[in-house]
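Everything below concerns the one structure shown next.
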């Protein structure tokens, strides 16, 4: 079991906040180029971290339970999201609209067409299962196991199952980092100097493609720079992002519901052409809603059924002590 790395929680908090911000329709429309730049690295970095933290050193039963902890919320909240988009998507001018919905269509979407942020859970589940099969079930040697896993995942991305290579490649990079046996920050070193090549790369929108070499370089440089900010950003900011990072799963699963709701009020912010007032209010609303839902799930004992855990919500006080 790896010791918790607070800097990784901090990164997860920043990237999960960016996920929320750039799923807000008004922000997407107002800042399309910024959206493209952020989409180059925010979920790519999240997949890389997921690959680095993936733990396959478990017995089959324990590993299966850990996969179910992702699969159950994925199925439940993907269904809720699809139903919301079907019922109110058009009236709220949602990005995704559904004209016809049946049981078969719902099952098809769950298996092959994840929508909203739930593609992340869908992709992670597939990557984890193939990772476990390659290293534990087949008991291949390290290099052979990685090659088998890479080829198997590449094969999956060629199938119509909703898994994209541009996301899988970062999981593989994370696995490579983990298998090296070196600490995360020994591989991606914190440095403010990362800002210099980033500034150059961000001048070329053609590089805003996460699956290309420039996209990979951008992702690694962003991580490097953000790691540098960890000790210098101030205690409160550090604690907030660590808090969000510790609760990132809750934000992933609940955020789509609240993001859809923000579309109904975006018109009230037409007075602000920058959309920054909407960005701040909507982000706080979505984040707070997710965290409150996670807290309620713990209080009414739903977490044990949805997430197969007694508690999914991590209080701010707990993260504040660790991130001091």
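The values are calculated or read from the model by the stated rules, or taken from the named source; none is laboratory data. Being a predicted model, the structure only gives us computed values, none of them experimental. FYI the Cβ positions are ideal-geometry reconstructions off the backbone, even for glycines, and counts take in every protein chain you see.
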Give me the pairs: first residue in segment 169-181 and on the phi < 0 side of the Ramachandran plot and assigned to a loop (DSSP other than H, G, I, E, B), second residue modelled with pLDDT of 95 or more and surrounded by fewer than 22 Cβ atoms within 10 Å (Cβ to Cβ), beta-carbon distance under 8 Å, and six or more apart or on different chains, which are they? 180/187
Run down 195, 249, 221 and say which single residue is in a helix (DSSP H, G or I) and surrounded by fewer than 18 Cβ atoms within 10 Å (Cβ to Cβ). 195
Name the pairs: first residue in segment 206-231 and without any contact (Cβ under 8 Å) to a residue 60 or more places away in the chain, second residue buried (at least 17 other Cβ atoms within 10 Å of the Cβ) and part of a loop (DSSP other than H, G, I, E, B), Cβ to Cβ under 7 Å, at least 6 apart or on different chains? 220/188; 224/188; 224/190; 228/190
Would you point out which residue out of 265, 300, 252, 284 is under 20 Å from the mean Cα position of the chain (by Cα) and farther than 29 Å from residue 169 by Cα? 284
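The rows are residues; the columns are (1) surrounded by 22 or more Cβ atoms within 10 Å (Cβ to Cβ); (2) free of Cβ contacts under 8 Å to residues at least 24 places away in the same chain.
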residue	(1), (2)
26	no, no
32	no, yes
38	no, yes
43	yes, no
53	no, no
63	no, no
70	no, no
79	no, no
82	yes, no
Residue 125 being over 24 Å from residue 290 (Cβ atoms), part of a helix (DSSP H, G or I) and modelled with pLDDT of 90 or more: no
Could we say that residue 117 is under 20 Å from residue 11 (Cα atoms), touching a helix residue (DSSP H, G or I) at 6+ places or on another chain (Cβ under 8 Å) and in a loop (DSSP other than H, G, I, E, B) here? no
Which of (1) modelled with pLDDT under 95; (2) assigned to a helix (DSSP H, G or I); (3) farther than 30 Å from residue 80 by Cα does residue 150 not meet, given it meets every other one? (1)
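How do the helices (runs of 4 or more DSSP H) wholly within segment 24-107 filter down when requiring 1 or more residues that are at pLDDT 90 or above, more than 30 Å from residue 279 (Cα to Cα) and in contact with a helix residue (DSSP H, G or I) (Cβ under 8 Å, 6 or more places away or on another chain): which remain? Outline the logic, then answer.
Numbers: elements: 25-30, 32-53, 60-88.
Because the criterion is at least 1 residues that are at pLDDT 90 or above, more than 30 Å from residue 279 (Cα to Cα) and in contact with a helix residue (DSSP H, G or I) (Cβ under 8 Å, 6 or more places away or on another chain), the helices (runs of 4 or more DSSP H) in segment 24-107 that meet it are 32-53, 60-88.
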Taking the options 259, 274, name whichever one is surrounded by fewer than 16 Cβ atoms within 10 Å (Cβ to Cβ), within 20 Å of residue 35 (Cα to Cα) and touching a residue at least 40 places away in the same chain (Cβ under 8 Å). 274
Among the residues in segment 157-166, are any within 23 Å of residue 52 (Cβ to Cβ), assigned to a helix (DSSP H, G or I) and without any contact (Cβ under 8 Å) to a residue 12 or more places away in the chain? yes
What number of residues in segment 178-192 are farther than 14 Å from residue 223 by Cα and buried (at least 17 other Cβ atoms within 10 Å of the Cβ)? 1
